[in-house]
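Working notes, structure below.
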Amino acid sequence: MDRLIDFWRQTFAVAEADIRKLIHDPLELLTRMTQPVLWLLVFGQVFAHAHVIPTGGIGYLDFIAPGILAQSVLFIAIFYGISIIWERDLGILQKFLVSPASRYALVLGRALSAGVRGLSQAFIVYVLAFILGVHLRLDLGGSITVLIAVMMGSAIFSTFSLIAACIVKTRERFMGIGQVLTMPLFFTSNAIYPLSMMLPWLRSISGVNPLTYQIDAIRSAMIVGGQSTFGSAIDFAVLLAVFALLIALATKLYPNIIN
């Protein structure tokens, strides 16, 4: 029992250190608004008037809002690993690794802090969606489901980013990999069009894309009339399985980043 308490204490200590950076840099929150504003205000509005994408009985702006929320979380989380490389160059990471803290606590703490950062993005998208007239579900159950899905998605992609940082080890290579990964993950998901519109080969790729399941869970809980393709139980089961796999892999690779 004492070991479990120590583990969570170490995890929360790592998460708190990362969250404190966000609190001390409120400008970052403002810059995060740009991307969802452009997607919802420009792309979403244009295609909502075009009526060319079948959305299952809900408006296109309603359909795309959960996808843009997940996309904005993805785009931030996928570059999370750059901070790991900066900390290594500054000598901060070495201090973490020589501490008695468990490697699992170090990795899980960073994933937890990334999840909390994702919540700020959810707030921004919700406010923007409300202003644009998106039919939001604001009941407690739906809101909690959205927040959990946002945190899990952010934790998954930030952990994936950490793994990439451990492999490439330089900022230049990492930025290139991050840019290569974000758009394929986004366009092979159900963020801006339903799975029914996809060609069979693209639908197969979408089926192994964790972003697809995150968006599916968010859409059914965030939007009035939003429907889940797979069911929330399957969505969260897939996200949890992917997260557990990435945590195990990141824990194994994490110490290698200083070599």
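The values are calculated or read from the model by the stated rules, or taken from the named source; none is laboratory data. Here the structure is a predicted model, which is why all the values come from computation and not from measurement. All Cβ positions, even for glycine, are placed from backbone atoms using ideal geometry, and neighbour counts span all protein chains on display.
If you go through region 221-256 and keep only what is farther than 25 Å from residue 203 by Cα and polar (S, T, N, Q), you end up with 251, 256. Scan region 221-244 residue by residue and report those that are under 17 Å from residue 156 (Cβ atoms) and in contact with a Gly (Cβ under 9 Å, 6 or more places away or on another chain). Scanning region 221-244 gives a single hit, 239. Residues that are touching a Gly at 6+ places or on another chain (Cβ under 6 Å) number at least 2 in the following helices (runs of 4 or more DSSP H) confined to region 40-91: 60-77. For the condition modelled with pLDDT of 95 or more, closer than 25 Å to residue 79 by Cβ and touching a Ser or Thr at 6+ places or on another chain (Cβ under 7 Å), residue 212 qualifies. Considering only region 226-248, I want to know if a residue exists there that is without any contact (Cβ under 8 Å) to a residue 60 or more places away in the chain, aromatic (Phe, Trp, Tyr) and more than 30 Å from residue 171 (Cβ to Cβ). Checked against the condition, which is being without any contact (Cβ under 8 Å) to a residue 60 or more places away in the chain, aromatic (Phe, Trp, Tyr) and more than 30 Å from residue 171 (Cβ to Cβ), region 226-248 yields at least one hit.
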